[in-house]
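Just below is one structure, and these are the notes that go with it.
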Amino acid sequence: MSSGQRAYKVLAIDTATDSVVTGVVEVVGESFGDTAVLAERVISDHRRHAELLTTLVAECLAEAGVSRDALDAVVVGCGPGPFTGLRVGMATGAAFADALGIPAYGVCSLDALALDAAPEGAGVLVVTDARRREVYWAAYADGRRTDGPGVIAPALLAEDLAADLAAGTYAVAAGSAPHLELVGWTGTPPEVTVPTPRGLVAAAAGRIVAGDPAEPLVPLYLRRPDAVEQKELKERKARKEREAQRAQASEVVP
């Protein structure tokens, strides 16, 4: 970190995945390299988000040697994720910020994954488990999100991504390895599988350093009705059949 700059102490929280993620991060600038983790906890147990989170926050503050009153901001992963998991992290983060009179900043959890996977700005594909036979996903280039976040059946996403994957658009992937395979990823398995405190804070670093006012934490559920997936599959199948029929007809026309 550069000397002479103010160091902001930030509490990071994310419960958008099966893991409970929290930590204390110091940030002095807008880039990923301007962040340093002072303490962190990541525990995979989606059934105990509410039970574990406040205890883990206390452990991180103690390990970092940072009192609650010394915190400058709270960063919360707002998903996409399931309702039950998301509300635990968002309610806890909002309560901490309100009690301490500091801003809370919401970030897309997929953005945090992408920043941690390729902070230098390479093309990144992020795919996580959305349950109910769907995935959450987003794509990135040069450190910016270029598509998503979205929720979709893996087979449909594989179809949409086929050309980009074949062209090598994405240098690295992050998220759930099994679900990345389902959408056609054949590259190196992801090293970053859940949002990290450093990635979360890096996603909000510009707002923290600029002293931007807090905004309401808005959850990214993205869940669609069950009927939508089947409708899309039927429409794509019908479209392919029509295209095949037109191709056959053109072959027999003299």
Requested in this report: Determine the equivalent ellipsoid of the chain by diagonalising the alpha-carbon gyration tensor, then write out the semi-axes as square roots of 5 times the eigenvalues, largest first, rounded to whole Å.
Outcome: 39, 19, 15
Report summary line: Of the residues Thr22, Leu38, Leu220, the Cα lying farthest along the dipole of the chain towards its positive end, which is defined by charges on the beta carbon of Lys, Arg, Asp and Glu, belongs to Leu220
Report summary line: If every Lys and Arg gets +1 and every Asp and Glu gets -1 at its Cβ, then about the Cα centre segment 1-139 yields a dipole, in debye to the nearest 20, of 420
Query - Residue (of Leu53, Pro149, Thr186) at the positive-pole extreme of the chain, dipole from beta-carbon charges - result: Pro149
Query - Farthest toward positive dipole pole in the chain [+1 Lys/Arg, -1 Asp/Glu at C-beta], among Thr84, Gly199, Leu71 - result: Thr84
Report summary line: Checking Glu134, Glu159, Glu30 against a Gaussian network model of the chain (alpha-carbon springs below 10 Å), the top fluctuating residue turns out to be Glu159
Query raised in the report: Under DSSP H, which helices of the chain have Cα atoms covering 18 Å or more of the helix axis and a Kyte-Doolittle average no less than 0.5?
Result: 49-64, 83-100, 197-210
Query raised in the report: In debye to the nearest 20, how big a dipole does the chain give about its Cα centre with +1 on each Lys and Arg Cβ and -1 on each Asp and Glu Cβ?
Result: 760
**Report entry** segment 87-207 - charge dipole about Cα centre, Lys and Arg +1 at Cβ, Asp and Glu -1, debye rounded to 20
**Finding:** 400
Report summary line: Full extension between Arg242 and Thr186 adds, at 0.36 nm per residue less the Cα distance, a length in nm of 17.1 nm
Report task. Name the residue, out of Ala16, Ala112, Ala158, whose mean-square fluctuation peaks in a Gaussian network model built on the chain with Cα pairs under 10 Å. Result -> Ala158
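Read-outs throughout are calculated quantities, based only on the coordinates presented, and are distinct from any laboratory measurement. For clarity, every value in this text was computed on a predicted model and none was experimentally measured. Because the Cβ atoms are built from the backbone with ideal geometry, glycine has one as well, and the counts that use them run over all protein chains shown.
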